[in-house]
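Novice: Quick one: structure below, then a few questions.
The values are calculated or read from the model by the stated rules, or taken from the named source; none is laboratory data. The structure presented is a predicted model; accordingly, all values stated were derived computationally and were not measured. Heads up, the Cβs are rebuilt from the backbone with ideal geometry, glycines too, and the neighbour counts pull from every protein chain shown.
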Amino acid sequence: MIENLRIAIVHEWFVDYSGSERVVEQLLHIFPDADLFSVIEFMPEHLKQHIHHKKVTTTFIQKLPFAKKHYRNYLALMPLAIEQLDISAYDIILTSSHAVAKGVLTHANQLHICYCHSPIRYAWDLYHQYLKESGLSKGFKGFVAKIILHYIRNWDYTTANRVDYFIANSAYIGRRILKVYNKKATVIYPPVNVESFSFAPHKEEFYLTASRLVPYKKIDLIVEAFSQLPHKKLIVIGEGPDLKKIKSKATSNITLLGYQSFDVLNSHLQRAKAFVFAAEEDFGIAPVEAQACGTPVIAYGKGGVCETVIDGKTGILYKEQTVSSLIEAIHRFEAVSEAFNPIEIRENAARFSNKTFHEAIISFVESKLTTKLAVEDVA
């Protein structure tokens, strides 16, 4: 049914390889003949294998001054830019959206399916936090930022009507889509390459966390908790702007390894007593990767992690994003750690494999295409 149809995949921007790019990568595995569109494309050459070295059709923002490093400064122009992408020749439009991608212009004969990573966070639920952290709560710059975000918020709500069907990357985001857009979404969890992570039943006496060292990941909270647990070893893998702050809080039982290769990360995930996670994520790939190694997870119990970690069976969820709550969870984990079954933990991770994602996407697209064709026949 899909083989002879032209498919366009629209993404926000290609500048690195993170969770949303992994979704695009797997969409290209499913639909290898699809064409790619984006606001900008400045992906490093060594990462272009993840988009199959395809040519990406971009917008005028690609050619604006300093766009490569400061593309986010052009947020106010992105609604206009995304609407200039001409995708009128395609039958199926798949948008991978966490900002403006879903706003592409489509016509009545096209099927537009949006895989929504989240409504625009800094325009909606993180609005006040974003202004505060960016120093834009007051002053003239703050006034301008608020006007721009008000415009973005109105545009974002309006363009939800350009989507025929929403897919959410978790039930958590599905609720956010319903709240913001008043649209129901089908949950299809993002793909995790669980096959690449090796199962290991035997664990060593250290805890692990691995992440970009950025504020919302709350690695400093984890480090602060373990600084109060001097007899428990913590290893931190990752680099980022919070490194200096995290180093200042690290005690002798905490080792900061910085950026490491996949093989080193895999080895540590295999051997860790538990993987520690403190962020509120829309989905959260890292806890699934840890479980793929048979390693239990200690995680803040809010967001997508509540759907990937089974409390008491594949990990421990704690209620508050605080040092004291995390310490209590570590003690709780220590008391029952022998009861965790690495095989069951690995089996839970298999629910989020690339294969499962492929099957769910194909089934969803085919079913909605069938519905569309049936409606056209009646008309």
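Novice: Report yes if some residue within the stretch 72-86 is at pLDDT below 95, of a type outside the set (A, V, I, L, M, F, W, C) and loosely packed, with under 15 Cβ neighbours inside 10 Å; otherwise report no.
Specialist: Scanning the stretch 72-86, I find at least one residue that is at pLDDT below 95, of a type outside the set (A, V, I, L, M, F, W, C) and loosely packed, with under 15 Cβ neighbours inside 10 Å, so the answer is yes.
Residues are listed down the side, and each one gets a yes or a no for (1) within 16 Å of Ser97 (Cα to Cα); (2) touching a helix residue (DSSP H, G or I) at 6+ places or on another chain (Cβ under 7 Å); (3) surrounded by fewer than 16 Cβ atoms within 10 Å (Cβ to Cβ):
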| site | (1), (2), (3) |
| --- | --- |
| Val10 | yes, yes, no |
| Trp13 | yes, yes, no |
| Ile40 | yes, yes, no |
| His46 | no, no, yes |
| Thr58 | yes, no, no |
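Novice: Where residues in the stretch 110-145 are of a type in the set (A, V, I, L, M, F, W, C) and touching a residue at least 24 places away in the same chain (Cβ under 8 Å), which of them is farthest from Arg176 (Cα to Cα)?
Specialist: The initial filter retains those residues of the stretch 110-145 that are of a type in the set (A, V, I, L, M, F, W, C), namely 111, 113-114, 116, 120, 123-124, 126, 131, 136, 140, 143-145.
Checking the rest, the ones that are also touching a residue at least 24 places away in the same chain (Cβ under 8 Å) come to 111, 113-114, 116, 120, 123-124.
Numbers: Leu111: 23, Ile113: 17, Cys114: 14, Cys116: 10, Ile120: 10, Ala123: 13, Trp124: 10 Å.
Among them, the one singled out is Leu111.
Novice: Now a separate question. Tell me yes or no: at least one residue of the stretch 193-205 is polar (S, T, N, Q), within 23 Å of Gly315 (Cβ to Cβ), in a helix (DSSP H, G or I) and in contact (Cβ under 8 Å) with a residue 24 or more places away in the chain.
Specialist: First, pick out the residues of the stretch 193-205 that are polar (S, T, N, Q): 193, 196, 198.
Applying the additional criterion that residues be within 23 Å of Gly315 (Cβ to Cβ) yields 193, 196, 198.
Applying the additional criterion that residues be in a helix (DSSP H, G or I) yields 196.
With the extra rule that they be in contact (Cβ under 8 Å) with a residue 24 or more places away in the chain, the set shrinks to 196.
Yes - at least one qualifying residue is present in the stretch 193-205.
Novice: Looking only at the stretch 206-220, which residues are part of a loop (DSSP other than H, G, I, E, B) and touching a residue at least 60 places away in the same chain (Cβ under 8 Å)?
Specialist: Quick first cut of the stretch 206-220, residues part of a loop (DSSP other than H, G, I, E, B) only: 206, 211-214, 218.
Across the stretch 206-220, the qualifying residues are Phe206, Ser211, Lys218.
Novice: Among the numbered criteria (1) within 27 Å of Val365 (Cβ to Cβ); (2) small (Gly, Ala, Ser); (3) surrounded by 13 or more Cβ atoms within 10 Å (Cβ to Cβ), which single criterion is violated by Ala108?
Specialist: Failing condition for Ala108: (3).
Novice: Restricting the search to the stretch 246-271, which residues are among the hydrophobic types (A, V, I, L, M, F, W, C) and surrounded by 15 or more Cβ atoms within 10 Å (Cβ to Cβ)?
Specialist: Of everything in the stretch 246-271, those that are among the hydrophobic types (A, V, I, L, M, F, W, C) and surrounded by 15 or more Cβ atoms within 10 Å (Cβ to Cβ) turn out to be Ile246, Ala250, Ile254, Leu256, Leu257, Leu265, Leu269.
Novice: Related question: Assess whether Gly238 counts as being among the small types (Gly, Ala, Ser), surrounded by 15 or more Cβ atoms within 10 Å (Cβ to Cβ) and touching a Lys or Arg at 6+ places or on another chain (Cβ under 6 Å).
Specialist: Working: among the small types (Gly, Ala, Ser): yes; surrounded by 15 or more Cβ atoms within 10 Å (Cβ to Cβ): yes; touching a Lys or Arg at 6+ places or on another chain (Cβ under 6 Å): yes.
Here the answer is yes, as Gly238 does meet what is asked.
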